[in-house]
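Reading through the structure tokens given below for one structure.
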Amino acid sequence: MEYEQWMSWSADENKNNLKAEADKICDQKWNETLDRMIFLLSEMNDDTCTMKNPYVDEWWSYHERFDEKYPRAAEQLKTAEELAEERKNDYSISVGPERDPEFGKEYEEISDRMLEYSRKIDKYQDECKDEFMELFGKYFWNLWD
């Protein structure tokens, strides 16, 4: 429908009612589009994303238990080469639960699960970004109306 035709409807009461109904439907669709864009922006942010990694707490629990067991940077788990490199370069090499036989296998499994799920979240957030950018590009000039 052409703009002039749309505007000429205002003289006719029946057409004016149809125009008001069409305006209402268009406003509703526009608000749904804006709500979708806001949701997608929220999903792209790690803090507000609804998809959470269920393995993070368990993964951190290994680090907390490791830190309790080895409060001094786990010096006893470092190799002689690592200790020599630390002294030579004046920095500390981090070692974690993967080095402790008590945690090793289980920690490796939870780390793998956490990493796999993190990749799923990254993929989901990339899909949200792509959809947002598509909508943003499509409706860019309408954002000021």
(message) So the check is Cβ under 6 Å with 6+ separation or different chains; which pairs have a first residue in the stretch 119-145 that's among the aliphatic types (A, V, I, L, M) and a second one that's surrounded by 11 or more Cβ atoms within 10 Å (Cβ to Cβ)?
(response) ILE121/MET51; LEU135/MET37
(request) Could you tell me which residue of the stretch 84-98 is farthest from ILE110 (Cα to Cα), considering only residues that are exposed (fewer than 13 other Cβ atoms within 10 Å of the Cβ) and either among the β-branched types (Val, Ile, Thr) or more than 35 Å from the chain's Cα centre (by Cα) (or both)? (result) LYS88
(request) From ASP112, ASP122, grab the single residue that is within 29 Å of the chain's Cα centre (by Cα), closer than 30 Å to LYS29 by Cα, exposed (fewer than 14 other Cβ atoms within 10 Å of the Cβ) and not hydrophobic (A, V, I, L, M, F, W, C). (result) ASP122
(message) Of the residues GLU75, GLU32, only one is among the acidic types (Asp, Glu) and touching a Leu at 6+ places or on another chain (Cβ under 9 Å); which?
(response) GLU75
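Do we have any residue at all in the stretch 34-47 that's at pLDDT below 85 and not in a helix (DSSP H, G or I)?
Our first condition is that a residue be at pLDDT below 85; within the stretch 34-47, this holds for none.
No, because not a single residue in the stretch 34-47 is at pLDDT below 85 and not in a helix (DSSP H, G or I).
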(message) Quick test for you: out of LEU40, LEU18, pick the one residue that is free of Cβ contacts under 8 Å to residues at least 24 places away in the same chain and touching a Phe, Trp or Tyr at 6+ places or on another chain (Cβ under 8 Å).
(response) LEU18
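The values are calculated or read from the model by the stated rules, or taken from the named source; none is laboratory data. Just so you know, these numbers come straight off a predicted model, no measurement behind them. A quick note on method: Cβ atoms are made from the backbone with ideal geometry, for glycine too, and the neighbour counts reach across all protein chains shown.
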